[in-house]
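The next block holds one structure in the form of structure tokens; read it before the comments.
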Amino acid sequence: MESMEMINLIMLGRTNYGKSTLCGRLCIDLGYVDKDGFMRIKKHSEVLDKKGMEYAFIMDESLEERQRGITIQLGFIGLEINGKRINLMDPPGHIEFINNLISGVAGADAGVLVIDAKEFKRIGIDPQIEEHLRISNLFGIEQIIVLVNKMDLLDYSQKKYEEVKESLIKMLEEAGYKNAKNFEYVPISAYDGDNVLEKSSNMPWYKKETFVEVISKIKEPKRFIKGPLRIPILRVFSLPETGTVIAGKIENGEVKIGDEIGVSPCFTDVKMKAKVKAIEWQHRKVEYAKHGMDIGLSFNNQSQTFTKRSLKKGYIVTDLKNEIKPIKEFKAKILILNHPTEIKEGYMPLLYCHQARIPCKIKKIDSLIDTETGKEISKNPSKLKKNQRGIVTIEPLKPFVAELAKNIPKLGRFALRDSNQTMAAGEIIEIVN
Ligand SMILES: Nc1nc2c(ncn2[C@@H]2O[C@H](COP(=O)(O)OP(=O)(O)OP(=O)(O)O)[C@@H](O)[C@H]2O)c(=O)[nH]1
Ligand SMILES: [Mg+2]
């Protein structure tokens, strides 16, 4: 099982566009939910007066999610398609929960953009979808599969589909996807299952592949198994029988039962370390896990510091030989996306890097660089404006560990956010300690 090709996909798109419905539909069509289970879920949707949400409820399991009719937590499903393991992450599209979306994007190999075709025709490009795409682009997701959903509401019209597709290409190009023309586009109806697993008789004009055929052909990206173990912590729990449990995705290296691991950053004299007792992956126990796998780890021989209180989201699990020092300062190449005025020294946004979210300070603007060539235009400019690139020195204002983007891209790319907007994004080029 561990040698199977594995691909992690993140669903993208505005709230209500049908991401959870599509994931639920896939679970039904591929036989992951039995009839009785689905009947119970359907009844619950009727009791809550949320008819039409029954497929989404397969993903949205909490009462709050079901009552509000939206996703709040990042949902996961693992499917086996064409001998590959496809892990779908279903994030909330609602702006209020963008943190959970960024968590998913940070660990994804490729994206699936779901568009409500009718709504998109009505309102056009929306800042929320643009934001999702910008974030996915800046976090290094190169490939996006584009699903034009709710085709039933556009009478399955080829003409309308082509119009939507054309605007989508423009939007993707604007967000940094210069090769958007070469992406796969599929007209679907997630609710009815048209072009999801099987070809739709409602759209005989569409001759290309269904969504499942498209995802079954995605190639697994290069996995980094050699080198240090790196697992950014997503969640920590404490269970009465098991003790401390850490959940996260391996972004470099491999781990097996019996390995001794540590956690960075560490400020105490007593190391936060423990021996791996069990590894859980996709609800089953495994002996070994490698880069790309989302796992839960439990331990024995825990040091006294290895507790839910001292282990935090965004800290990184490492092997004992390759711990990471807390970063006092780093230099980064950034692009300003969205600042209403300009970024100056002293600006304090929130830093989002792998699973870490911490306040930081722009300590110095070292240089302004040319967007196309990357060459330095001026040294120590007083500010950076929208669409400008620069090199800056950033000071994390809380304990923070990461890597140079050139060594482990997923641990060195970041976004700077403020007032619920992504102001800038960049990559770590030098660590100054
Ligand atoms: N007509 C029609 N409605 C659909 C289709 N797919 C989804 N919907 C409806 O769209 C609504 C929202 O679907 P969700 O799957 O919850 O949307 P979401 O993108 O997960 O939304 P968030 O979780 O808030 O981000 C539900 O009422 C679905 O029934 C479709 O193919 N056709
Ligand atoms: Mg949802």
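A few points about this structure:
- Number of the condition not met by Glu329 [criteria: (1) surrounded by fewer than 19 Cβ atoms within 10 Å (Cβ to Cβ); (2) without any contact (Cβ under 8 Å) to a residue 60 or more places away in the chain]: (2)
- Residues in the stretch 87-144 that are closer than 21 Å to Leu350 by Cβ and among the aromatic types (Phe, Trp, Tyr) were compared, and the one that is surrounded by the fewest Cβ atoms within 10 Å (Cβ to Cβ) is Phe97.
- Ile81 vs. criteria within 12 Å of ligand 1 (Cβ to nearest atom), surrounded by fewer than 19 Cβ atoms within 10 Å (Cβ to Cβ) and hydrophobic (A, V, I, L, M, F, W, C): no
- Matching residues in the stretch 90-100 - criterion: being within 11 Å of ligand 2 (Cβ to nearest atom) and touching a residue at least 60 places away in the same chain (Cβ under 8 Å): Asp90, Pro91, Pro92, Gly93, His94
- Residue in the stretch 99-117 that is more than 15 Å from Arg25 (Cα to Cα), modelled with pLDDT of 90 or more, within 12 Å of ligand 1 (Cβ to nearest atom) and more than 21 Å from the chain's Cα centre (by Cα) present: yes
- Residue within the stretch 158-174 that is outside any helix (DSSP H, G or I), more than 16 Å from ligand 1 (Cβ to nearest atom) and buried (at least 17 other Cβ atoms within 10 Å of the Cβ) present: no
- Hey, Gly52 near ligand 1 (Cβ under 8 Å from one of its atoms) and over 20 Å from Leu12 (Cβ atoms) or not: yes
- Number of residues in the stretch 180-194 that are buried (at least 19 other Cβ atoms within 10 Å of the Cβ) and within 30 Å of Cys353 (Cβ to Cβ) equals 1.
- Residue satisfying condition, being over 19 Å from Val432 (Cβ atoms) and either of a type outside the set (A, V, I, L, M) or at pLDDT 95 or above (or both), within set Ser310, Ser367: Ser310
- Set side by side, the residues Ile77, Ile58, Ile86, Ile70 differ, and just one is outside any helix (DSSP H, G or I), within 11 Å of ligand 2 (Cβ to nearest atom) and within 22 Å of Tyr17 (Cβ to Cβ), which is Ile70.
- Every residue from the stretch 43-59 that is surrounded by 19 or more Cβ atoms within 10 Å (Cβ to Cβ) and closer than 21 Å to Ala117 by Cα: Met53, Glu54, Tyr55, Ala56
- Scope the stretch 192-249; condition closer than 30 Å to Lys312 by Cα, more than 19 Å from the chain's Cα centre (by Cα) and either assigned to a loop (DSSP other than H, G, I, E, B) or within 16 Å of ligand 1 (Cβ to nearest atom) (or both); matching residues: Ile225, Lys226, Gly227, Pro228, Leu229, Pro240, Glu241, Thr242
- Exclusive hit being part of a helix (DSSP H, G or I) and more than 13 Å from ligand 2 (Cβ to nearest atom), set Lys42, Lys51: Lys42
- For Val255: the one exception among (1) surrounded by fewer than 19 Cβ atoms within 10 Å (Cβ to Cβ); (2) at pLDDT 95 or above: (1)
- Search result, residues across the stretch 60-74 that are under 21 Å from the mean Cα position of the chain (by Cα), without any contact (Cβ under 8 Å) to a residue 40 or more places away in the chain and within 9 Å of ligand 1 (Cβ to nearest atom): Glu65, Ile72
- Of residues in the stretch 195-224 being closer than 22 Å to Leu88 by Cα and among the aliphatic types (A, V, I, L, M), the one surrounded by the most Cβ atoms within 10 Å (Cβ to Cβ): Val196
- In the stretch 1-42, the residue that is surrounded by the most Cβ atoms within 10 Å (Cβ to Cβ) out of those that are free of Cβ contacts under 8 Å to residues at least 24 places away in the same chain and within 16 Å of ligand 1 (Cβ to nearest atom) is Ile41.
- Residue in the stretch 60-69 that is touching a strand residue (DSSP E or B) at 6+ places or on another chain (Cβ under 9 Å) and surrounded by 24 or more Cβ atoms within 10 Å (Cβ to Cβ) present: yes
- Thr15 being modelled with pLDDT of 95 or more and either on the phi > 0 side of the Ramachandran plot or within 16 Å of ligand 2 (Cβ to nearest atom) (or both): no
- Strands (runs of 3 or more DSSP E) completely within the stretch 323-399 that count 2 or more residues being touching a His at 6+ places or on another chain (Cβ under 6 Å): none
The values are calculated or read from the model by the stated rules, or taken from the named source; none is laboratory data. Since we're looking at a predicted model, the values are computed, not measured. Note that each Cβ is placed from the backbone with ideal geometry, even for glycine, and that neighbours are counted across all protein chains shown.
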